[in-house]
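Have a look at the structure below, then the notes.
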Amino acid sequence: MHSLTTRVGRVAMVLAAVVATLGVFAPGGEPALADGPTCTGCSHHGDRTGLGYSAAAAFVSATGGGHARSGDNTCSLQGADAGLSPDGPAVPGHYELWSYPNGDGTYDVALICMEDGEGTLGPLGEITHGYQVLAMYTSIPALDPADLVEQALANMPVGTPRIVTSPGEGIPSMVGFETWLMIDEGSFTRGSRTDTQGPISVTVWAEPDRNGEVIWDTGDGRETCIGSGRPEGSCSHTYNASSFGQPAVDDDLRPAYSVTASVTYTGGYSVSAFGIPVGGDPNLGGITRTSEPYLLAVLDGEALNHGH
């Protein structure tokens with residue numbers, strides 16, 4: 001009887017044989033998972049063993065260990081290597097992605113060209129299909145989706161939060177007066193990236209939570225504000241002591257407080273195989289990114305009166 005269960009069992013046996021005889025990669029003439037990413041500047045891809053972030057690991061995470069296939073007539077098979085008549089013509093096939101648990105929390109993922117149609121009736125009444133294993137990843141750990149977004153955030157074109165203060169930009173603040181704290185709107189934006197390996201595409205995005213808390217380390221304490229500090233004055237800090245004696249100095253060589261802002265981002269990811277969405281999570285929150293230190297000199301009234 002022809003059934004999906006029959007095919008799953010057959011493919012599983014094929015994968016086991018390939019792993020035992022060929023290791024992690026079975027060559028083929030079609031696009032393979034081992035192909036490099038198409039994006040520019042990617043530096044966070046894993047290797048064929050699944051270490052780190054790889055498209056195969058993202059596929060496992062999105063599907064929980066599953067299966068995806070392309071449309072018919074997207075690859076072709078011919079000859080005994082594909083389980084067909086040695087002298088027969090090429091037959092149309094389709095791509096399939098399969099992932100199987102190893103029982104230890106890891107998965108094997110394979111890219112296969114499988115013969116289209118209902119298959120051929122064998123001598124014992126079994127249904128057979130021509131197939132060829134094109135590429136394979138072994139022992140892949142499923143990704144923590146939040147880690148995926150955090151890794152991608154560090155590599156996507158979203159700058160770290162850039163601090164703006166008033167007074168600031170070379171003008172010192174003063175003891176006892178409010179200093180307005182803000183995040184530059186140009187760095188308070190959404191970013192996304194899409195990485196592609198073979199038939200798998202992974203899109204990851206993140207954006208600051210405009211209603212989330214921003215934790216400010218002012219160098220002498222902390223302030224908690226909502227969003228980017230806009231409109232101006234909605235987030236502020238009052239210094240009770242000058243920055244004299246602080247180890248950092250600003251561009252004018254004045255002792256300065258080192259100010260940072262930790263911004264909460266929400267993010268998500270989606271995975272597609274053969275152009276078809278297979279899973280993901282559109283709402284992953286709680287990812288924090290901290291700005292580079294912003295150096296702010298703070299003077300007291302006595303220093304101003306003496307012209308320092």
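Quick rundown of the values:
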| item | result |
| --- | --- |
| Number of positions in the stretch 181-208 that are in a loop (DSSP other than H, G, I, E, B) and either without any contact (Cβ under 8 Å) to a residue 60 or more places away in the chain or touching a His at 6+ places or on another chain (Cβ under 6 Å) (or both) | 3 |
| First in the stretch 82-98 and part of a strand (DSSP E or B) and buried (at least 21 other Cβ atoms within 10 Å of the Cβ), second anywhere and at pLDDT below 85 and of a type in the set (Asp, Glu), Cβ under 9 Å, 6 or more apart | Tyr95/Glu30 |
| Any hit, the stretch 105-122, residues being hydrophobic (A, V, I, L, M, F, W, C), surrounded by fewer than 21 Cβ atoms within 10 Å (Cβ to Cβ) and under 20 Å from Val278 (Cβ atoms) | no |
| Index of the failed condition, Val278 passing every other in (1) under 20 Å from Glu169 (Cα atoms); (2) within 36 Å of the chain's Cα centre (by Cα) | (1) |
| Matching residues, the stretch 74-105, being modelled with pLDDT of 85 or more and acidic (Asp, Glu) | Asp87, Glu96, Asp104 |
| Single condition Thr138 does not satisfy, out of (1) at pLDDT below 85; (2) surrounded by fewer than 18 Cβ atoms within 10 Å (Cβ to Cβ) | (2) |
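The values are calculated or read from the model by the stated rules, or taken from the named source; none is laboratory data. This structure is a prediction, so every number in the text was calculated from the model and none was measured. Because the Cβ atoms are built from the backbone with ideal geometry, glycine has one as well, and the counts that use them run over all protein chains shown.
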